[in-house]
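Engineer: Handing you this structure, nothing more for now.
The values are calculated or read from the model by the stated rules, or taken from the named source; none is laboratory data. Computed from a prediction, not measured in an experiment: that's the story for all the values here. Quick reminder, even Gly has a Cβ in these numbers, built from the backbone with ideal geometry, and neighbours come from all protein chains shown. Side chains included, ligands, DNA and RNA excluded: accessible areas come from the protein's heavy atoms. Shrake-Rupley method; radii C 1.70, N 1.55, O 1.52, S 1.80 Å.
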Amino acid sequence: MIAPARGHMKNKLILGTLFLTITGFITRIIGFFYRIFLSNALGARLLGIYQLIFPVYGICFTIFASGIQTAISKQVAEKEINGDSHEIRRTLSCGILLSVSSAVLMSVLVFLGAPFIAETFLKEPECAKSLRLLALSFPFCGITSCIHGYCYGMKKSFLPATSQLAEQSMRVVFLYTVSVSIPVTCELAIVALVAGELTSCLYCAVGNAVLKRKLRATLPTTGALSSQPGHVAEAQTQHVHKKDSRILKKLLAMSLPLTTNRLFINVLHSFEAFLVPLALRRYGLSRDEALSIFGIMSGMTMSFLMFPGTLTNSLSVLLLPVISESAARDNTRALSRSAAAAVKYSVLLGVCAGFAFFFFGRELGITVFSEERAGSYLVNLSFLCPLLYVSTTFSSILNGLGKMNLTFLSSVLGLSLRVVLFATLIPRLGIYGYFISLLASQLFLTLFDLILVRKSIRFPFDAVNTLLKPSVILLATASFFLRLYEFLAAQTSFSHLLLLAGCGFVFVFAVLGLFLATGVCKRGELTGAE
């Protein structure tokens with residue numbers, strides 16, 4: 001009887017992870033097209049101002065939500081084993097209290113200090129209004145993240161996944177609807193963000209109420225207040241208060257180290273975003289020129305560059321529990337096979353994306369964003385793709401082995417190197433200093449992660465089928481389809497965007513067919529079949 005129950009839980013976890021991955025992928029697609037709409041509506045300069053706000057949001061979110069969400073998830077997972085629904089509900093309530101209190105504090109600080117933050121740290125006074133509007137979303141984000149943590153602990157991925165879709169959909173619908181009658185500004189885009197966070201919060205609150213009812217029906221309630229008179233009820237009340245105090249202490253003890261680690265990394269990320277426009281101005285560009293380049297790079301080029309990474313992120317979500325289970329069972333053969341397949345297909349995806357962006361980057365920038373510089377930057381950064389995507393997989397392998405401290409160390413070293421290179425090279429070389437800094441720091445990070453992974457897992461690397469064959473196939477097919485696109489664009493009156501999308505669609509299927517025909521992709525590699 002025990003084996004089927006375990007099998008049921010395992011299947012439930014796999015299905016939940018797959019559902020979360022699929023909905024996350026859809027959310028990223030919606031977000032990608034939303035970014036295209038936003039970049040066209042705002043323009044390069046205003047997009048740069050809009051992008052400057054998010055490092056502040058990232059730091060605040062880390063403080064009031066990130067570590068607390070993980071702590072709630074772990075605590076709820078542990079309490080579910082004991083089947084105590086009251087303890088589970090109190091954990092969520094205490095987590096929300098802790099998160100919302102921190103979020104309200106951060107909201108007040110950011111709202112009142114917006115002019116100071118905008119002028120002193122961001123060096124852009126125009127960001128002040130947007131920061132004040134952004135601060136209004138913090139309590140909603142805190143509640144949503146706590147409910148997400150609770151659902152992950154209960155292995156209920158439906159609510160977090162669909163709430164992300166609800167949030168993204170509301171943001172798109174709101175901004176698109178309002179933009180029909182009034183011009184899109186940074187402030188209006190932030191209002192759309194707040195509307196999306198409010199929608200997600202309300203959706204999660206309703207969904208959580210439904211889950212609570214189901215929880216009461218399926219799990220026994222222990223430790224709840226009974227309807228006893230006088231001193232008995234008072235004693236029970238004191239007992240509940242002591243329990244809440246104990247739960248809060250546990251959540252704080254677990255969340256503080258997580259928050260500290262993530263905050264340190266987030267501060268480095270934020271400093272990187274603040275530094276780029278300042279370094280470009282030191283190179284000799286005007287304030288508007290520096291903001292425009294930053295907006296093009298962060299809001300347009302990086303959107304393309306990171307989009308294929310959605311697949312590696314999904315692969316990492318699925319890989320982590322597989323690695324964890326194999327490590328727990330000390331199954332070195334399964335570990336090696338899983339790591340080899342994950343690394344191969346991450347590198348393969350990076351090589352494919354790199355060739356696609358190198359050949360079609362300029363056309364993508366012009367047809368999608370109406371900005372040739374976005375395409376030019378994409379061509380220059382196309383070499384980053386293999387390093388970028390496989391690095392995500394290495395981090396997932398290390399996390400699956402329980403070596404989160406090593407992931408933290410590699411992230412800190414890589415980001416620190418990047419910040420130093422930005423400060424050194426951009427004032428001397430301009431945008432090319434940015435390209436060199438990104439490539440050098442990502443190469444260091446990837447090699448460092450590779451060394452850490454290889455110390456724990458020995459896995460084979462098929463260079464012929466991962467690099468050599470795919471490069472030859474991609475060089476031939478990308479050249480052919482680029483010439484085909486240029487010919488059709490010159491000889492027909494069809495929309496260049498539709499032509500590019502059509503050529504890209506056929507290009508992908510042609511490459512996949514050639515990969516299968518030449519043995520680059522082999523049946524059973526990702527599933528672990530022999």
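Engineer: Run down Val412, Val506, Val453, Val472 and say which single residue is under 29 Å from Ile293 (Cα atoms) and either of a type in the set (A, V, I, L, M) or buried (at least 16 other Cβ atoms within 10 Å of the Cβ) (or both).
Structural biologist: The conditions single out Val412.
Engineer: State which residue pairs qualify: first residue part of a helix (DSSP H, G or I) and inside region 471-496, second residue of a type in the set (Phe, Trp, Tyr) and open to solvent by less than 90 Å² (accessible area, probe 1.4 Å) in any location, beta carbons under 6 Å apart, and separation of 6 or more residues or different chains.
Structural biologist: Leu474/Phe355; Ala478/Phe355; Ala478/Phe359; Phe481/Phe507; Leu482/Phe359
Engineer: Also, I was wondering about something else. Yes or no: region 395-407 includes at least one residue that is β-branched (Val, Ile, Thr) and crowded, with 19+ Cβ neighbours inside 10 Å.
Structural biologist: Yes: region 395-407 contains one or more residues that are β-branched (Val, Ile, Thr) and crowded, with 19+ Cβ neighbours inside 10 Å.
Engineer: Same structure again: Those residues that are open to solvent by 10 Å² or more (accessible area, probe 1.4 Å) and either of a type in the set (Val, Ile, Thr) or over 14 Å from Glu187 (Cα atoms) (or both), I need them from region 123-143; list them, please.
Structural biologist: Lys123, Pro139, Phe140, Ile143
Engineer: On the given criteria, is Cys146 within 28 Å of Gly67 (Cβ to Cβ), of a type outside the set (Val, Ile, Thr) and crowded, with 19+ Cβ neighbours inside 10 Å?
Structural biologist: yes
Engineer: List pairs: first in region 267-279 and surrounded by 17 or more Cβ atoms within 10 Å (Cβ to Cβ), second part of a helix (DSSP H, G or I) and small (Gly, Ala, Ser), Cβ under 6 Å, 6+ apart or cross-chain?
Structural biologist: Pro277/Ala290
Engineer: Identify all residues within region 149-174 that are open to solvent by 30 Å² or more (accessible area, probe 1.4 Å) and either touching a residue at least 60 places away in the same chain (Cβ under 8 Å) or not in a helix (DSSP H, G or I) (or both); write none if there are none.
Structural biologist: Tyr152, Lys155, Lys156, Phe158, Gln164, Leu165, Ser169, Arg171, Val172
Engineer: Among the residues of region 296-303, is any within 16 Å of Val419 (Cα to Cα) and of a type outside the set (S, T, N, Q)?
Structural biologist: There is no residue in region 296-303 that is within 16 Å of Val419 (Cα to Cα) and of a type outside the set (S, T, N, Q).
Engineer: Another question, if that's okay. So which helices (runs of 4 or more DSSP H) stay within region 285-404 end to end and still have 2 or more residues that are under 24 Å from Ala463 (Cα atoms), touching a residue at least 40 places away in the same chain (Cβ under 8 Å) and among the hydroxyl-bearing types (Ser, Thr, Tyr)?
Structural biologist: Fully inside region 285-404 and qualifying: 309-328, 332-369, 385-400.
Engineer: Moving to a separate point now. What are the residues in region 253-284 that are more than 23 Å from the chain's Cα centre (by Cα) and part of a helix (DSSP H, G or I), if any?
Structural biologist: Those that are more than 23 Å from the chain's Cα centre (by Cα) and part of a helix (DSSP H, G or I): Ala253, Pro277, Leu278, Ala279, Leu280, Arg281, Arg282, Tyr283.
Engineer: Shifting gears a bit: Could you tell me whether any residue of region 87-106 is open to solvent by 30 Å² or more (accessible area, probe 1.4 Å), of a type outside the set (A, V, I, L, M, F, W, C), free of Cβ contacts under 8 Å to residues at least 40 places away in the same chain and under 29 Å from Ala273 (Cα atoms)?
Structural biologist: yes
To keep it simple, each residue is scored yes or no on (1) open to solvent by 30 Å² or more (accessible area, probe 1.4 Å); (2) modelled with pLDDT of 90 or more; (3) in contact with a Gly (Cβ under 9 Å, 6 or more places away or on another chain); (4) of a type in the set (Gly, Ala, Ser).
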{"position": "Ala3", "(1), (2), (3), (4)": "yes, no, no, yes"}
{"position": "Leu13", "(1), (2), (3), (4)": "yes, no, no, no"}
{"position": "Ile26", "(1), (2), (3), (4)": "yes, no, no, no"}
{"position": "Arg45", "(1), (2), (3), (4)": "yes, no, yes, no"}
{"position": "Cys60", "(1), (2), (3), (4)": "no, yes, no, no"}
{"position": "Ala65", "(1), (2), (3), (4)": "no, yes, yes, yes"}
{"position": "Ile72", "(1), (2), (3), (4)": "no, no, yes, no"}
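Engineer: Would region 192-207 turn up any residue that is at pLDDT 90 or above, more than 27 Å from Ser73 (Cα to Cα) and in a helix (DSSP H, G or I)?
Structural biologist: yes
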